[in-house]
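**Student:** Dumping the structure here so I can ask a few things about it.
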Amino acid sequence: MKRGLRAYSGADKVYLLTSDAFESEGIELESDLEEFGYMVESRLINAFDLRDVVDTIVSIAKEHPEDYLFINITGGTNLVAGGATSSAFFIGATPYYVLEPQEGTENIDDLVMELPAPTQPLTFEVEGLQRDLLVTLGNWADEGRTGVIMREIGEELGESAQKVSYHVDQLENRGLVERRPSGRTKHVYLTDVGKLYLQWTGEK
């Protein structure tokens, strides 16, 4: 953690994600970082719940919409590292990890490795009928209703199945929904990225 912060010396606030099992270590690290002049805030996470990891990081990003964010994926469970990396892609942050020094003489820039971070759909706007469609699927998913057909969506929104199909195509191209065949019929599902988009835009 400290090596990573040395590499990104312009950082002024640090969020520590810690589990119950390592809460005391998190408190100790928080105190150390505050002595170095950082503002520090800890958030408890379930290190074995991918959704909790992603939701926590996305909620932090929403508090800093104009700031440039870095995510240190070093340490923790593999699930936490995976969730942190995925979150970085969703919110346009830079994920990085820190190598252990082998000889003790390595330059800090050689130990801190950035990962490429393509920005994913949370940065674009979904408007009009597509947003209505996405929100409807999200509400239904919350009720446990998934895998709906075009006709059901059309009846709910008062639109033709053909028009609904066109907009489902657009949402599927953005990775927000997916269609899975079931016999002769294709059923529409909200993807995890779609769920994150709804949370990011305040619909959830």
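**Student:** List the pairs whose first member sits in the range 44-70 and is within 19 Å of Lys195 (Cα to Cα), whose second member is among the basic types (Lys, Arg), and whose Cβ atoms are under 6 Å apart, counting only residues at least 6 apart or on separate chains?
**Tutor:** Thr56/Arg43
**Student:** From the set of residues in the range 145-202 that are charged (D, E, K, R) and part of a strand (DSSP E or B), which is surrounded by the fewest Cβ atoms within 10 Å (Cβ to Cβ)?
**Tutor:** Result: Arg180.
**Student:** Here is a further query. Can you name the residue in the range 160-190 that is charged (D, E, K, R) and out of contact with any helix residue (DSSP H, G or I) (no Cβ under 7 Å at 6 or more places or on another chain) and is also farthest from Ser86 (Cα to Cα) among such residues?
**Tutor:** That would be Arg184.
**Student:** Out of all the residues in the range 21-35, is one or more touching a residue at least 12 places away in the same chain (Cβ under 8 Å), surrounded by fewer than 17 Cβ atoms within 10 Å (Cβ to Cβ) and part of a loop (DSSP other than H, G, I, E, B)?
**Tutor:** no
**Student:** Condition first: among the hydroxyl-bearing types (Ser, Thr, Tyr) and out of contact with any Asp or Glu (no Cβ under 6 Å at 6 or more places or on another chain). Now tell me which residues in the range 136-178 satisfy that.
**Tutor:** Once the filter is applied, which keeps residues that are among the hydroxyl-bearing types (Ser, Thr, Tyr) and out of contact with any Asp or Glu (no Cβ under 6 Å at 6 or more places or on another chain), the range 136-178 yields Thr146, Ser160, Ser165, Tyr166.
Here, each number is a calculation from the coordinates, and none is a lab measurement. Since this is a predicted model, take the numbers as computed values, not measurements. Neighbour counts are summed over all protein chains in view; Cβ atoms, including those assigned to glycine, are modelled from backbone coordinates with ideal geometry.
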